[in-house]
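*Asks:* Supplied in structure tokens, the structure appears directly below.
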């Protein structure tokens, strides 16, 4: 159920003051609708603490499953007919593997990488499912940059529907506020490849980085503040020539989709995927201001199984009711390594991460990845989808075990 605080101006004003003050606002009264959510009354930290990596484990867990209390949100409405996820005949056993010369198993991965829930789907059936640290099937967990892959998918749908005029269409055709900025002359393809050439520093823990400036714009809750910030950035390279990982780039993508479809991204996601594919629970998406535009690069909170269903939807080439809602060949195009202008190779797709271990490269596997341990891993050869919720302490990629090495071992263990 959606936390109604995002739509209540009085509640949001109280919430915003708490966020700006850097407090956890745990004592703040919650709207009646929020009381149905099992974690609604938990003390939480601030969004700055998430990016600083400055929370102890229990506070991090309660915060990550309550991110819809940090900003106003819009509901992604669920289906009345959930896509079934039956139990697989073959369940995942103890997974054993080597990493950097040492022996590990499933329990090591769960503990060392601070995994708070995991779902493994084989041929669309549940081969493994676990909830830790008080999480349950009802828990909505933060996506972080997993949302980037979802925003990319919405762009693909808009292209299929003719609302975006292909990958070579120009950003300024859909976000006219950016005319005359460094985004003037940048294509949709450039944005999807994070190769706009616009200068950007993504360092989460650096208060002076562009990423933190974007966060401050979001905290201000001033309509249009994110686009205004992006429009002031200088150009560092010609469009299409250099890849720079940028959450700001995904905010631009969100604005592009919003400008093309003429409706909120949450509504578009609900209408095109969440309801017709059969997601069983409402999800939420952060907004840049009350009733504003969704944050394209983060801020979705959804249940473990519904993230798994999204993985199945993408694994299945976007087919709903016998027809794909994605452009022909989109999944392969979006999830395979790209080539920049000038010929430089890029181990990145259209806001999907490409494989980097030998087994996953062989299978053409790909991932939606978010900081602190969020993953949707998809192996198209073995029809496996793996979803993890993580509560890692800092957003700096310090996992003791490379998740893809573990995912490779899971795929191998599930082979017939």
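*Asks:* Report, to one decimal in Å, the Kirkwood hydrodynamic radius for region 352-416 based on all distinct Cα pairs.
*Replies:* Details: mean 1/r = 0.0827 Å⁻¹.
Across region 352-416, the inverse of the average 1/r is 12.1 Å.
*Asks:* Sticking with this structure for a sec: Looking at the chain as a GNM with Cα springs under 10 Å, which of 73, 336, 241 has the largest mean-square fluctuation?
*Replies:* With Cα springs under 10 Å in the chain, the top fluctuation among 73, 336, 241 is at 241.
*Asks:* Related question: Any idea what Rg and Dmax come out to for region 179-278 if you just take the C-alpha atoms, in Å?
*Replies:* When restricted to the Cα atoms of region 179-278, Rg and Dmax are 14.5, 43 Å.
*Asks:* Taking the alpha-carbon centroid of each part, what is the distance from region 53-71 to region 377-416 in angstrom?
*Replies:* 23
*Asks:* Right, something else. Would you mind computing Rg(Cα) / (2.2 N^0.38 Å) for region 315-383, counting N as its residues?
*Replies:* 1.19
*Asks:* For region 165-223, just run the numbers: alpha carbon Rg, then divide by 2.2 N^0.38 Å, N being how many residues it has.
*Replies:* Values: Rg = 13.3 Å, N = 59, 2.2 N^0.38 = 10.4 Å.
Normalised Rg, Cα atoms only: 1.29.
*Asks:* Then there is this: May I ask for the Kirkwood hydrodynamic radius of region 115-271, worked out over all distinct Cα pairs and given in angstroms to one decimal?
*Replies:* Values: mean 1/r = 0.0583 Å⁻¹.
Every distinct Cα pair counted, the radius reaches 17.2 Å.
*Asks:* Here's a follow-up. For the chain, set up a GNM with springs between Cα atoms under 10 Å and report which of 315, 229, 119 has the largest fluctuation.
*Replies:* Highest fluctuation of the listed residues: 229.
*Asks:* On the principal axes of its Cα set, how long, how wide and how thick is region 240-326? Give whole Å, largest value first.
*Replies:* That gives 36, 35, 26 Å along the principal axes, largest extent first.
*Asks:* Which translational diffusion coefficient, to the nearest whole µm²/s, is obtained for the chain from the Stokes-Einstein equation, given a Kirkwood hydrodynamic radius over C-alpha pairs, 4 °C and 1.567 mPa s? List each step's numbers first, then the result.
*Replies:* On the way: Rh = 21.4 Å.
Rounded, D is 60 µm²/s.
*Asks:* Quick one: divide the alpha-carbon radius of gyration of region 68-126 by 2.2 N^0.38 Å and tell me what you get. Let's see the in-between values first.
*Replies:* On the way: Rg = 17.3 Å, N = 59, 2.2 N^0.38 = 10.4 Å.
Relative to the 2.2 N^0.38 Å estimate, region 68-126 comes out at 1.67.
*Asks:* Extension gain residue 125-residue 105, at 0.36 nm per residue separation less the Cα-Cα distance, in nm?
*Replies:* Details: separation 20, 0.36 × 20 = 7.20 nm, distance 2.25 nm.
5.0 nm is the gain from fully extending residue 125 to residue 105.
*Asks:* Let's test this: bin the Cα-Cα distances of region 284-323 at 10 Å from zero up to the farthest pair and state each bin's percent.
*Replies:* The calculated distribution, bin by bin, is 27, 35, 32, 7.
*Asks:* Continuing with the same structure: To the nearest 500 deg cm²/dmol, what mean residue ellipticity at 222 nm is calculated for the chain from DSSP H runs of n ≥ 4 alone, each contributing -39,500 (n - 2.57), summed and divided by the residues? Mind showing how you got there, number by number?
*Replies:* Numbers: 14 runs with 127 residues, N = 416.
Rounded to the nearest 500, the figure is -8500 deg cm²/dmol.
*Asks:* In addition: Note the full-extension length gain between residue 189 and residue 87 as 0.36 nm times their separation in residues minus their Cα-Cα distance, in nm to one decimal. Working shown, then result.
*Replies:* Details: separation 102, 0.36 × 102 = 36.72 nm, distance 3.92 nm.
Between residue 189 and residue 87, full extension yields an extra 32.8 nm.
*Asks:* Then there is this: Which residue, 248, 397, 364, tops the fluctuation ranking in a GNM of the chain built on C-alpha contacts under 10 Å?
*Replies:* In the Gaussian network model the winner is 397.
*Asks:* Using only the Cα atoms of region 265-416, what are the Rg and Dmax in Å?
*Replies:* Considering region 265-416 through its Cα atoms, Rg and Dmax are 16.2, 50 Å.
*Asks:* A further question on this structure: At what distance in angstrom do the alpha carbon centres of region 294-362 and region 105-132 lie from each other?
*Replies:* If we compute the Cα centre of each part, the gap is 21 Å.
Values quoted throughout were computed directly from the atomic coordinates according to the rules given, and no laboratory measurement underlies them. Predicted model only: the values in this text are computed from it and were never measured.
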